[in-house]
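To keep things clear, I will list the structure first and then write my remarks on it.
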Amino acid sequence: MLELHQITQAAQALAQARHIVCLTGAGVSAESGVATFRDAQTGLWARFDPQRLASQEGFAEDPGLVWRWYSERLRMVEAATPNPGHLVLARLEGVTPAFTLVTQNVDDLHERAGSQQVQHIHGRIHIFRCNYCRAEHALQPGERTQELPPRCLACGDQVRPDVVWFGEALPEQVVEIAWRAAEACDVMLVVGTSGVVYPVAELPLLAKRAGAVVIDVNPQCNPISEIADIFLQGAGGVILPQVMNALSAGF
Ligand code: BJW
Ligand code: ZN
């Protein structure tokens, strides 16, 4: 059960911090109507395993299926708008000397909420690349709704969204920024992640070991809430504005 003093405690930790790292997951976009990764398996997609769809093996087995899954999710992202949780995180960027926002989300809702520096550690759904030579592909009209992925203009292989699938390496530069920030921050604010996908799930533990206060915002208990110093149990779009109000009011 969430108590008022936990909100105050979180606001105090954030107010005193010189460097805040915010790590977000699918839950931060849930209140914008973007289904979380594991909840995206509804309707027609219910019989497919997301771990299989988001992999080279799944793409090789049925490229059209994976292409259509991502087209549908991109449509969902485009129809969504940032929620109060995204807006608070954008404001937080301006109230602390150093702020690093690392998101596992492939949507652009943080940017649309006004966040200036967003580290997309699992890629971005609206950018497309060749699965072989990695050349960026500018989608032509009609290609999105095709049954099969378009072909790369440079090498002829298949085009895919620029996201990180299971078994693939995370973008090197973003990993460097995220790991360095986790070791240097005073507060790590985690919002809406299940904490089961590695290596990102290591970040809160790394921050805690380096002496940071870890705050987790999530309606569900999860591996990160287990190690968090402050667990704010609830939805990001409800809890984060409460924390921001306490911060603005001087607690
Ligand atoms: C709310 C809310 C509200 C709801 N408010 N909250 C160590 C141990 C075991 C396994 C591994 C390991 N190291 C690596 C692995 C393997 C693997 C892995 O982690 N597997 C585990 C699942 C077992 N990792 C990898 O393969 C990674 N690559 C790798 O390790 O490469 C090695 C390598 C090195 C060098 C060369 C080559 C290879 C890659 C992982 C990539 C993950 N990609 C995905 C797909 C991206 C594209 C797409 O979206 O389709 O990223 S998987 C998916 O999970 C997606 C997400 O970003 C990520 C995390 O999901 P998230 O955000 O936690 O979402 P959900 O849906 O799981 O949870 C939502 C949460 O929100 C819940 O907690 C809700 O309660 C909460 N919530 N409403 C706040 N309103
Ligand atoms: Zn190519």
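Miscellaneous remarks
- For the range 162-197, a tally of residues being over 30 Å from L232 (Cα atoms) and outside any loop (DSSP other than H, G, I, E, B) returns 3.
- Given (1) touching a Pro at 6+ places or on another chain (Cβ under 9 Å); (2) touching a residue at least 24 places away in the same chain (Cβ under 8 Å); (3) assigned by TED's automatic domain parsing to the domain that holds H86, index of the condition Q158 fails: (3)
- All of (1) in the same structural domain as P219 (by TED's automatic domain parsing); (2) surrounded by fewer than 14 Cβ atoms within 10 Å (Cβ to Cβ); (3) among the acidic types (D, E) hold for E111 with one exception: (2).
- Flag if R52 is of a type in the set (K, R) and either assigned to a loop (DSSP other than H, G, I, E, B) or out of contact with any helix residue (DSSP H, G or I) (no Cβ under 7 Å at 6 or more places or on another chain) (or both): no
- When W165 is tested against (1) more than 13 Å from ligand 1 (Cβ to nearest atom); (2) in contact with a strand residue (DSSP E or B) (Cβ under 6 Å, 6 or more places away or on another chain), only condition (1) is not met.
- Every test in (1) within 30 Å of Q9 (Cα to Cα); (2) touching a His at 6+ places or on another chain (Cβ under 9 Å); (3) within 10 Å of ligand 1 (Cβ to nearest atom) is passed by A181 save one, and that test is (3).
Table: residues versus (1) on the phi < 0 side of the Ramachandran plot; (2) among the β-branched types (V, I, T); (3) touching a strand residue (DSSP E or B) at 6+ places or on another chain (Cβ under 9 Å).
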site: Y70; (1), (2), (3): yes, no, yes
site: T81; (1), (2), (3): yes, yes, no
site: P84; (1), (2), (3): yes, no, no
site: R91; (1), (2), (3): yes, no, no
site: F99; (1), (2), (3): yes, no, yes
site: D107; (1), (2), (3): yes, no, yes
site: R112; (1), (2), (3): yes, no, no
site: Q119; (1), (2), (3): yes, no, yes
site: G123; (1), (2), (3): no, no, yes
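- Search result, residues across the range 102-143 that are in contact with a Leu (Cβ under 8 Å, 6 or more places away or on another chain), assigned to a loop (DSSP other than H, G, I, E, B), more than 15 Å from ligand 2 (Cβ to nearest atom) and hydrophobic (A, V, I, L, M, F, W, C): I121
- Count of the range 208-240 residues which are within 12 Å of ligand 1 (Cβ to nearest atom) and part of a helix (DSSP H, G or I): 8
- Search result, residues across the range 145-161 that are in a loop (DSSP other than H, G, I, E, B) and either of a type in the set (G, A, S) or within 16 Å of ligand 1 (Cβ to nearest atom) (or both): P149, A154, G156
- Note on the range 81-92: residues that are surrounded by fewer than 19 Cβ atoms within 10 Å (Cβ to Cβ) and in a loop (DSSP other than H, G, I, E, B) amount to 1.
The values are calculated or read from the model by the stated rules, or taken from the named source; none is laboratory data. Computed from a predicted model, the values in this text were never measured in an experiment. Heads up, the Cβs are rebuilt from the backbone with ideal geometry, glycines too, and the neighbour counts pull from every protein chain shown.
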